[in-house]
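The next block holds one structure in the form of structure tokens; read it before the comments.
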Amino acid sequence: MFVNSTEGKNTYILEERDCTEKLQKKYETVMCLGNGYLGMRSAFCEEIPEQTRLTLIAGLYDKQPREEEELIPLPDVTSLSIVAEGEKISPLHKNSSEYSRSLNVRNGLLTYQYRYSPKDKDGSLWVKHRRFASMAQKHLVMLETDIVSDGDFQLELISSVNARITVNGTQHTFEEERTVLDNDLLWYGGRAVVAGTQFRVGSRMKIYVNGAERKGIQRYSTERRIVSSTARIRLSKGDELKIVRYATYYTANDTDWTGNDEDIVEITDSICQKDFEKLLYESEREWEKLWQNCDISIESDDATENLKIRLAMYHMIIMCPWHDSKVSIAAKGLTGMGYAGHVFWDCEIFNLPFFSYTQPLAARNLCTYRYHTLDGARRKARQYGYAGAMYPWESASISGDEQCPKFKNYSPDNTPRRVTCGDIEQHVVCDVAYGVYSYGQITEDREFMKKYGFEILFETAAFWLSRLEYNEQKDRYEIRQITGPDEYKEYVDNDVFTNYMVAWNLKTALNEIDILASEDTQAYNTLDKRLGLAELANAIGQKLPKLYLPSINDDGLVPQNDTYLTLKQIDLTKYKKSCINRLIYRDYSLKEIGDLMVSKQADLIQLFALMPNLFPSDIVKKNFDFYEDKCIHDSSLSLSAFATVAARLGEIEIAHGFFKGALDTDFGESSILCNEGIHAANCGGIWQTVVFGFAGIGVLEGNLIIEPHLPSEWRNISIRLNWRGCELLISLDKKSVTVESLNGKEIFVFISGKEICVNGKATVNY
Ligand code: BGC
């Protein structure tokens with residue numbers, strides 16, 4: 001059962017009350033722990049079928065021959081076998097009851113508990129586990145188990161560091177060390193098979209009975225790729241057993257890696273001087289700061305909506321590389337092996353805005369990652385015969401090389417299914433530029449733009465100039481044989497999203513070359529020397545005016561591409577209603593789908609979401625209705641785009657319907673779509689629908705605007721944002737908007753068209 005723990009009051013706690021095998025993977029994902037450095041799925045300590053124990057570290061990839069780069073699963077430290085009177089217990093044991101599991105997104109604390117009452121014996125064991133990945137010490141995961149006995153029980157506890165992990169059969173690590181160090185420290189060291197990156201994992205178990213530590217009772221054992229420790233304890237009625245486990249992860253990619261095991265052991269030893277509560281408190285304080293910058297509170301009849309919005313933000317917080325600009329956000333964050341930990345356009349278009357508006361330093365890291373991968377993007381451009389930087393569809397390590405597989409499985413007709421996204425889903429190139437540039441606008445971080453951002457903007461523009469094809473007959477430039485965001489339409493000519501985004505990329509590059517030349521000669525000259533800015537500006541000036549931009553036809557429609565409006569229409573009711581993922585593949589091959597007027601996800605609507613003022617609202621509405629009818633939302637990126645655009649159109653109930661769909665993609669009671677990992681982009685899409693859609697916050701001609709369209713069930717909402725260094729608390733109800741500047745900075749805001757100057761706090765009725 002997916003409930004809100006305090007009957008609608010605490011919208012920070014997600015609680016599960018029925019333990020079922022079927023929903024195991026879902027809750028492991030949704031309740032996943034993390035701190036941006038590492039992610040740990042919330043599988044149980046006890047062994048049960050159908051669970052996937054997984055710990056991933058951001059940026060730790062390996063690439064085996066004939067495969068793409070993939071995140072490496074690290075040895076597992078979560079396992080704790082609890083054997084009571086010879087019987088392995090677990091929440092799923094037939095003699096277990098009173099189960100509950102919860103995740104507090106405010107402090108990242110996972111708790112689960114149950115009572116084990118053997119049928120053939122008096123008394124029971126009350127078992128409670130708590131676990132968190134520290135926000136204060138990125139290498140640290142803490143696991144605590146409390147067992148209260150109301151009978152006599154002989155217990156055996158087995159804790160381990162287990163490196164017996166493969167990804168679908170691929171073993172990504174070699175073993176270097178496997179031992180037990182002083183003070184019961186289970187120790188495992190290894191390195192990535194091909195990349196060679198070393199890692200170290202330590203896990204120490206401390207055992208207390210009725211508050212007194214039991215030292216010297218652990219017995220060690222080791223077998224291939226596993227090292228474990230066993231303790232036997234007899235509990236009498238009323239005894240309280242506490243097991244505290246400290247686990248640390250380090251890799252050679254870390255900035256604080258010294259290459260010396262002793263340093264890690266020393267740090268681990270000093271952490272082990274503190275108890276669980278103290279370490280939790282330290283982590284909580286960091287969480288508190290993070291929430292302070294981004295929280296959203298909603299007063300509404302349905303409190304689960306606020307909880308789900310916070311879950312989406314929680315996931316963005318734990319997937320974000322706060323510590324490192326050489327890694328980015330993968331499509332599943334660090335919650336699962338889906339998409340092998342690859343970074344897509346999802347990051348810049350869906351996740352980055354949340355960080356740019358709430359956690360600018362984190363956003364800067366994400367943008368810098370794309371700077372580090374520029375050389376890879378340049379290599380790809382050369383390989384395909386283009387100039388500039390052609391960002392990969394799927395990116396991973398800072399090599400920046402394309403990681404999109406060329407083939408995936410077989411098609412129904414027994415031919416290998418060629419994946420073409422790496423070749424022709426090129427909109428990622430302008431998406432990266434768009435995201436990075438928006439970061440610069442939202443934060444006014446000119447220094448970043450001059451050092452890193454403009455190079456991305458100019459090099460992507462150079463790519464597009466070389467990519468455009470001249471149509472002599474029509475005297476215009478076109479972009480042919482491309483895939484837009486709607487992946488059900490491959491090799492199309494003039495995908496509307498791509499063409500407009502390219503125009504944006506070129507126009508913005510041209511403007512910024514101009515501005516930079518007069519603003520900062522030194523920065524201009526440096527970039528000019530490397531990239532040839534005068535020639536770039538000249539070439540943009542020649543080609544941009546002739547770039548074909550699909551426009552409104554006689555029916556008021558903007559064609560998604562050159563052929564979309566001529567495609568065959570079929571009845572899509574079955575696919576639109578079905579909750580089976582990508583049901584259409586059962587009836588048609590991808591090639592056949594290409595000939596049908598059906599879309600996987602928002603394309604033109606995605607463009608509207610990014611550029612609200614491109615067309616008059618009656619045209620937006622007309623196209624919204626037309627394309628929604630053809631869209632079967634087979635990508636998790638789709639619903640939030642439709643929701644945002646509908647909200648801006650004032651179609652609030654429709655928007656709210658799509659929004660609830662987006663919330664339920666991962667956080668719905670029965671949805672298991674996230675078994676392989678959270679949909680990171682959807683988490684960002686949820687935040688954007690609330691902020692850009694319902695609250696109507698946006699940027700117009702460099703100014704912050706607010707044009708609210710609250711769902712009828714929402715009485716009021718408050719949002720924390722950072723706009724150009726001004727920390728804002730924006731509160732909206734059905735009639736008024738209050739903007740408060742929390743750090744004393746003055747700011748001008750347009751609320752429903754009315755300009756106000758906020759110097760402290762201001763309220764406007766709308
Ligand atoms: C979507 C893409 C998305 C990718 C990763 C695909 O199914 O069509 O737009 O980037 O998943 O989330």
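Read the figures in this text as sums done on the coordinates, not as results from a lab. Just so it is clear, the model here is predicted, and its values are computed rather than measured. When we count neighbours, we look across all protein chains shown, and the Cβ atoms used for this are built from the backbone with ideal geometry, even at glycine.
Which chymotrypsin sites (Phe, Trp or Tyr not before Pro) from the stretch 521-577 combine a DSSP loop assignment with at most 13 other Cβ atoms within 10 Å?
none
Any chance you could run the full-extension gain for Glu87 through Asp629? It's 0.36 nm times the residue separation minus the Cα-Cα distance, nm to one decimal.
Between Glu87 and Asp629, full extension yields an extra 189.5 nm.
Which parts of the stretch 597-629 would a label at Lys474 reach, counting a residue when its backbone N lies under 18 Å from a point 7 Å out along Cα-to-Cβ?
The answer is 604.
Rounded to the nearest angstrom and ordered from largest down, what semi-axes does the equivalent ellipsoid of the stretch 295-694 get from its C-alpha gyration tensor (root of 5λ)?
Equivalent ellipsoid semi-axes, largest first: 31, 26, 21 Å.
Out of the stretch 1-96, which GluC sites (Glu not before Pro) are coil in DSSP terms and have no more than 12 other C-beta atoms within 10 Å?
Glu7, Glu21
Can you list the lysines whose alpha carbon sits under 23 Å from that of Lys138, skipping same-chain ones fewer than 8 residues off?
The qualifying lysines are Lys206, Lys274, Lys278, Lys289, Lys326, Lys332.
Do the alpha carbons of any pairs in Lys489/Lys577; Lys406/Lys577; Lys25/Lys577; Lys380/Lys474 sit beyond 26 Å of each other, and which pairs?
Over 26 Å apart, Cα to Cα: Lys406/Lys577; Lys380/Lys474.
What is the distance, in nm, between label points placed 7 Å from the Cα along the Cα-to-Cβ direction at Glu701 and at Asp493?
About 3.8 nm, to one decimal.
Taking the Cα-to-Cβ direction at Leu583 and at Lys735 and moving 7 Å from each Cα, how far apart do the two end points lie in nm?
If labels sit at Leu583 and Lys735, their model points lie 4.6 nm apart.
Given Cα pairs under 8 Å that are at least 6 residues apart, what percent is the relative contact order of the chain?
Taking the mean separation of contacting Cα pairs over the length of the chain, I get 11 percent.
When a/c is below 1.5 the answer is rounded, else prolate if a/b is larger than b/c, else oblate, so apply that to the stretch 31-293 with a ≥ b ≥ c taken from the square roots of the Cα gyration tensor eigenvalues.
Because a/c hits 1.5 or more and a/b exceeds b/c, the stretch 31-293 counts as prolate.
If packing is taken as the average number of other Cβ atoms within 10 Å across a peptide's residues, how do 438-448, 228-238, 476-486 rank, most packed first?
Descending packing order for the listed peptides: 476-486, 438-448, 228-238.
When the helices in the chain are scored as -39500 (n - 2.57) per DSSP H run of 4 or longer and the sum is shared across all residues, what 222 nm value do you end up with, to the nearest 500 deg cm²/dmol?
One gets -9500 deg cm²/dmol as the mean residue ellipticity at 222 nm.
Tell me, what are the semi-axes, in whole angstrom and largest first, of the equivalent ellipsoid of the chain as set by the roots of 5 times the Cα gyration tensor eigenvalues?
46, 29, 27
What order, most packed first, do the peptides 181-192, 268-279 have when packing is the mean number of other Cβ atoms within 10 Å of each residue?
Final packing ranking: 181-192, 268-279.
For a label point 7 Å from the Cα of Glu240 along Cα→C-beta, name the residues of the stretch 183-212 whose backbone N is under 13 Å from it.
Those under the cut-off are 208-212.
Using every alpha carbon pair in the stretch 527-653, what percent of pairs falls into each 5 Å bin from 0 up to the bin containing the largest distance?
It works out to 2, 9, 17, 17, 16, 12, 9, 7, 5, 3, 1, 0, in whole percents.
Can you flag which of Lys450/Lys507; Lys734/Lys761; Lys734/Lys754; Lys576/Lys621; Lys215/Lys237; Lys119/Lys237 are past 26 Å Cα-Cα?
Going by Cα-Cα distance, every pair falls inside the 26 Å limit.
Label-point separation (nm) for Asn183 and Phe407, each offset 7 Å from Cα along Cα-to-Cβ?
Distance between label points: 5.4 nm.
Which far-off residues, 5 or more places away or on another chain, put their amide H under 5 Å from the one on Glu727, with H placed in the peptide plane?
The list, which skips near neighbours in sequence, is Leu742, Asn743, Lys745.
Show me the ranking of peptides 591-600, 698-707 by mean Cβ neighbours inside 10 Å, starting with the highest.
In descending order of packing, they fall as 591-600, 698-707.
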